[in-house]
Amino acid sequence: MAETVWNTDSGEAVYRSRDPVRNLRLRVHLQRITSSNFLQYQPAAQRGKDLIDLATFSPHPAASGHRPDEDEEEEVLIGWQEKLFSQFEVDLYQNEAACQSPLDHQYRLEILKLEDSGGRKNRRIFTYTDSDRYTNLEEHCQRMTTATREVPSFLVERMANVRRRRQDRRGMEGGILKSRIVTWEPSEEFVKNNHVINTPLQTMHIMADLGPYGKLGYKKYEHVLCTLKVDSNGVITVKPDFTGLKGPYRIETEEEKQELWKYTIDNVSSLAQPEEEEREQRVFKDLYGRHKEYLSSLVGTDFEMTAPGALRLFVNGEIVSAQGYEYDNLYVHFFVELPTNWSSPAFQQLSGITQTCATKSVGMDRVAYFSYPFTFEASFLHKDESADALPEWPVLYCEVLSLDFWQRYRVEGYAAVVLPATPGSHTLTVSTWRPMELGTVAELRRFFIGGSLELEDLSYLRIPGNFKGERLSRFGLRTETTGSITFRLHCLQQSRAFMESSSLRKKMRSVLDRLEGFSQQSSIHNVLEAFHRARRRMQEARESLPQDLVSPSGTMVS
């Protein structure tokens, strides 16, 4: 006799199906193995002697002298929410006085019809559907732990009063909010519907009556073989999982005469035919097409587009943190400078100031976390197509200051950063500096009185916009490196050239290439300028030489 490999994994499994759940079919096979007394006490067989026959431990036959095979083994095909009555329900609903609800009377009529047609086909295996009283009690009385004296928590008590099935929650018509955003005195019904998980759910239990032969129909012998739950999203939860290629599950009864049973659960749902699958694909394609049309109708046709040849830049930024500064209670003042050919809407605010933030120790540094968001948009229209025109990219200037208890503020550092020319998410850490004076008096004044040297124009961090000369000298300006600021920038670019014809796209691409390369063009431009100057000097020197020395066709005179 081969040893049975039991399946000890009784946890639940989760599946998702787009097919209607009414097509679900399960095959449940239940079989009695033997009395558990045989498993607990088996006489030791001496070497050379035969083992005791298993038939010795078989239950005694009935008074009729013969025992039905259905008591030993049973196999049933069960559909979703298919009702199979137990012996207890048959005995109960045959008494009309026990019927209290319309469902009880309906079950009574069905049982009478079964009795007229020869009785029910199942014996031990039966089901409790979503409408049965057992399902409500099971959901209300379920335990969260294995403790004998479990104290339910607040959430368990709340969820026990919520029936997670057949909820009909109507949506808001036309997307108009018909209730207040804040409800100051919420009722218990309001809390049930809004503050706890209330996903529509249907439940079904597959049961077995494992009572001794001739004693079917007692509640104490009922055992749960499988529990199925299906929600409105097509998620199917099965506990325990389908048997498949794994071994059968086992049940050991705890009555005086302990019995050992094994059972398997298999999914025998019929596969869809190719014609049905093709029809289903057409239905889904039509559904997705209608949904796309619905979304298009919400967006409308008046989608705002940029002017021809223009580039629109959207920036959602965040001043994340500042670290490495001398004093506490930091705040940042910032603004965005738009170069030539850039513009922004009249309502657009291009400057701002953060809240005052205390610092905290992180490693060896003191860090102030601002998490200050800002947003702006700007448009670029390239009017000058000459080769000498060099487009520039917007620049973000920032000034870090500190404020103490006596309202004394000090400049902690300045920084300027060119906005990223490529769309996407960028995290930038920029070092800062501040002007300083030599000597102890300046530092004492900064400590006791506050205040220090400041830049009158923050654009002096780079090249000021009103500068008209050829060379900008910062000779004599003493500076000190201070801390750093971290920015997080999310950049979005919009242009008609991204969807226009190839010629316009090529034209716009040249502009974008020039814009994207602006962060590197400063050094490249200097190299090219030096090359052009050297080339001009070479040409001038070449023109000043005699022609007979320059011309290769000149003849040598001996």
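The values are calculated or read from the model by the stated rules, or taken from the named source; none is laboratory data. Since the model is a prediction, treat every value here as computed from it, not as a measurement. Cβ sites come from the backbone with ideal geometry, for glycine too, and all protein chains shown count toward neighbours. Note: areas computed on protein heavy atoms with side chains; ligands, DNA, RNA excluded. Shrake-Rupley method; radii C 1.70, N 1.55, O 1.52, S 1.80 Å.
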Open item on the list: Anything in the range 436-470 that is in contact with a strand residue (DSSP E or B) (Cβ under 9 Å, 6 or more places away or on another chain), under 19 Å from Glu412 (Cβ atoms) and assigned to a loop (DSSP other than H, G, I, E, B)? List them, or say none.
Closed with: Met436, Gly450, Gly451, Ser452, Leu453, Glu454, Leu455
Task: Exclusive hit being loosely packed, with under 11 Cβ neighbours inside 10 Å and outside any loop (DSSP other than H, G, I, E, B), set Ser473, Ser425 - done: Ser425
Open item on the list: Can you go through Leu39, Leu77 and tell me which one is at pLDDT below 55, outside any loop (DSSP other than H, G, I, E, B) and within 51 Å of the chain's Cα centre (by Cα)?
Closed with: Leu39
Open item on the list: So if I check each of Gln407, Gln355, which one is outside any strand (DSSP E or B), surrounded by fewer than 20 Cβ atoms within 10 Å (Cβ to Cβ) and at pLDDT 90 or above?
Closed with: Gln355
- [ ] Taking only the range 218-245 into account, find how many residues are under 20 Å from Gln87 (Cβ atoms) and not aromatic (Phe, Trp, Tyr).
- [x] 7
Task: Subset of the range 275-311 that is open to solvent by 90 Å² or more (accessible area, probe 1.4 Å) and part of a loop (DSSP other than H, G, I, E, B) - its residue that is nearest to Ala497 (Cα to Cα) - done: Pro308
Open item on the list: Being farther than 30 Å from Arg496 by Cα, surrounded by fewer than 18 Cβ atoms within 10 Å (Cβ to Cβ), modelled with pLDDT of 90 or more and of a type in the set (Phe, Trp, Tyr) is the requirement here; does Phe314 meet it?
Closed with: no
TODO: Six or more apart or on different chains, Cβ under 6 Å: which pairs go from a residue in the range 260-287 that's of a type in the set (Gly, Ala, Ser) to one that's surrounded by 10 or more Cβ atoms within 10 Å (Cβ to Cβ) and in a strand (DSSP E or B)? Could you list them?
DONE: Ser269/Arg25
Open item on the list: I'm told Asp328 meets every condition in (1) of a type in the set (D, E, K, R); (2) under 20 Å from Val417 (Cα atoms); (3) modelled with pLDDT under 90 except one. Can you identify the failing condition by its number?
Closed with: (2)
